[in-house]
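Student: I have a structure here, written as structure tokens, and I will follow up with some questions on it.
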Amino acid sequence: MSEHEPVLTVTDAAREKALLFRSRDANADRLALWLEVTGVQGGKYQYNMYLQFLDRAAPGDVVQHHDDLAVVIPEGSVDALRGATLDRTGDLETGGIFVDNPNSPSPAIGSRPPADLSGDVPQRVIQVLDQQINPSIAAHGGRAELVAVEDDTAYLRLSGGCQGCGMASVTLGQGIEVALREAVPEIAKVVDVTDHAAGTNPYFESAKK
């Protein structure tokens, strides 16, 4: 196992959440938080985050120690996660851990510099989000953010209660997209670029036996 320069930044908030979850396992003292890239979907990495025995780490895996929490990154995921941050959204009890990763497997929205949203169409989309959409989904702790507008497509990122929610696609397709297309005729399609694998519920699996 490698323990050189950290691959991943782990915030105190994320560490506290991981330790809280780990404390519920009878083998807590032997468990580490494992984070690996499991594939690519929508031009973004997909992740698996789980508790696993620290002694299962293999040569080549990266092991980072954050006070009393060990984090293991399997060798095959190291390059994809280099420079990423593990953080928490929400409070300790009800919030969850997500991966903020600057890396992308393809030239997708997430890997580019922030788009110019100063044009007429992006500004009208933002106005609809701020005045109609976000006040509505805020009741569920959610928020929609405009990432980019390209041709007739608006790219949105959902956060808060919408990230990882099983109903996110319904909210997007039947609510947000309909409202945007009605208010901004130039928009014909809305694409969700949220990393739902890093959203709430659930963030972890039990230790693998």
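The values are calculated or read from the model by the stated rules, or taken from the named source; none is laboratory data. Predicted, not measured: the structure shown is a model, and the values here were computed from it. No Cβ is skipped: glycine too gets one built from the backbone with ideal geometry, and neighbour counts run over all protein chains shown.
Student: Here are Leu31, Leu20: which of them is in contact (Cβ under 8 Å) with a residue 24 or more places away in the chain and out of contact with any strand residue (DSSP E or B) (no Cβ under 8 Å at 6 or more places or on another chain)?
Tutor: When all the criteria are applied, what remains is Leu20.
Student: Which numbered condition in (1) at pLDDT 85 or above; (2) surrounded by fewer than 16 Cβ atoms within 10 Å (Cβ to Cβ); (3) out of contact with any helix residue (DSSP H, G or I) (no Cβ under 8 Å at 6 or more places or on another chain) is the only one that Asp68 fails?
Tutor: For Asp68, the failing item is (3).
Student: Checking the conditions here, which among Ala70, Ala58, Ala80 is of a type in the set (A, V, I, L, M, F, W, C) and either touching a His at 6+ places or on another chain (Cβ under 6 Å) or in a helix (DSSP H, G or I) (or both)?
Tutor: Only one candidate passes the filter, namely Ala80.
Student: Now for a separate question. On the given criteria, is Thr85 surrounded by fewer than 16 Cβ atoms within 10 Å (Cβ to Cβ), in contact with a strand residue (DSSP E or B) (Cβ under 7 Å, 6 or more places away or on another chain), of a type in the set (S, T, N, Q) and within 20 Å of Arg157 (Cα to Cα)?
Tutor: Values: surrounded by fewer than 16 Cβ atoms within 10 Å (Cβ to Cβ): yes; in contact with a strand residue (DSSP E or B) (Cβ under 7 Å, 6 or more places away or on another chain): yes; of a type in the set (S, T, N, Q): yes; within 20 Å of Arg157 (Cα to Cα): yes.
Here the answer is yes, as Thr85 does meet what is asked.
Student: Among what's in the range 47-62 and is under 14 Å from Ala32 (Cα atoms) and surrounded by fewer than 16 Cβ atoms within 10 Å (Cβ to Cβ), pick the residue that is nearest to the chain's Cα centre (by Cα).
Tutor: Selected residue: Asn48.
Student: Hey, another quick one. So which helices (runs of 4 or more DSSP H) stay within the range 99-209 end to end and still have 3 or more residues that are aliphatic (A, V, I, L, M), touching a His at 6+ places or on another chain (Cβ under 6 Å) and at pLDDT 80 or above?
Tutor: Values: elements: 120-128, 134-137, 177-183.
Passing ranges: none, list empty.
Student: Return yes or no: is Val40 closer than 27 Å to Tyr155 by Cα and either crowded, with 20+ Cβ neighbours inside 10 Å or touching a Pro at 6+ places or on another chain (Cβ under 8 Å) (or both)? Full working, then the answer.
Tutor: Values: closer than 27 Å to Tyr155 by Cα: yes; either crowded, with 20+ Cβ neighbours inside 10 Å or touching a Pro at 6+ places or on another chain (Cβ under 8 Å) (or both): yes.
When the stated conditions are applied, Val40 passes them.
This table checks each residue for (1) over 20 Å from Val193 (Cα atoms); (2) outside the structural domain of Ala148 (by TED's automatic domain parsing); (3) without any contact (Cβ under 8 Å) to a residue 12 or more places away in the chain; (4) of a type outside the set (A, V, I, L, M, F, W, C).
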| site | (1), (2), (3), (4) |
| --- | --- |
| Ala58 | yes, yes, no, no |
| Val62 | yes, yes, no, no |
| Val72 | yes, yes, no, no |
| Glu75 | yes, yes, no, yes |
| Val78 | yes, yes, no, no |
| Leu81 | no, yes, no, no |
| Arg88 | no, yes, no, yes |
| Gly95 | yes, yes, no, yes |
| Asp100 | no, yes, no, yes |
